Amino acid sequence: MKKLFTKAFLGVLAAGISTVAFAQEAAEAAAPVEGGVHQALKTKFIEGSADFMSFVAIALILGLAFVLERIIYLNLADVNPNGMLNEIEAALDRGDVDGAKAIARDTRGPIASIAYQGLMRIDQGIDVVEKSIVAYGG
């Protein structure tokens, strides 16, 4: 979903940039506008023609889509890290390393991913686990 949104956003952005570039070339070929590009944009905005306002509407829709996607993603990624770490610790106290890995793997969020990387290397010693956590967290 994130990759699709990024590709669509960059595609629209590239199309907008090329449109602006062609419009600037056409404006340079025609008679120069007094006040420059800013004055021309302000005039177009005040006139409110469908051509210019469609770009404003597209920017509004893309901005709202981006904001809503971030809100939804961040709300779904909300995890109680203390509870998750307590569950992992309890599983490790029981000697259930695979259960601790399953808890970390099935929980979303960066803390669970970092804990999972450490648990993957638990049999290699504490130094390797610490380096793995630091490397993945960085």
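A few points about this structure:
- Of the GluC sites (Glu not before Pro) in the stretch 31-106, those whose Cβ has at most 10 other Cβ within 10 Å and which sit in DSSP loop: Glu34
- Computed with a 1.4 Å probe on the full set of protein chains, the accessible area for Leu68 sits at about 100 Å².
- Largest accessible area first, the residues Met53, Met84 order themselves as Met53, Met84 under a 1.4 Å probe with ligands, DNA and RNA left out.
- Put Ile111, Ile126 in order of accessible area, highest first, and with a 1.4 Å probe you get Ile126, Ile111.
- Global form of the stretch 81-137, assessed from the alpha-carbon gyration tensor, a/c cut-off 1.5: oblate
- When Ser132, Ser113 are compared by accessible area of protein heavy atoms, the largest-first order is Ser113, Ser132, using a 1.4 Å probe.
- Cα centroid separation, the stretch 90-138 to the stretch 54-75: 35 Å.
- Relative contact order of the stretch 39-138, pairs being alpha-carbon contacts under 8 Å that are 6 or more residues apart, as %: 16 percent
The values are calculated or read from the model by the stated rules, or taken from the named source; none is laboratory data. Since we're looking at a predicted model, the values are computed, not measured. Note: ideal-geometry Cβ built from the backbone for every residue, glycine included; neighbour counts use all protein chains shown. Keep in mind that these areas ignore ligands, DNA and RNA; they rest on the heavy atoms of the full protein, side chains included. Shrake-Rupley method; radii C 1.70, N 1.55, O 1.52, S 1.80 Å.
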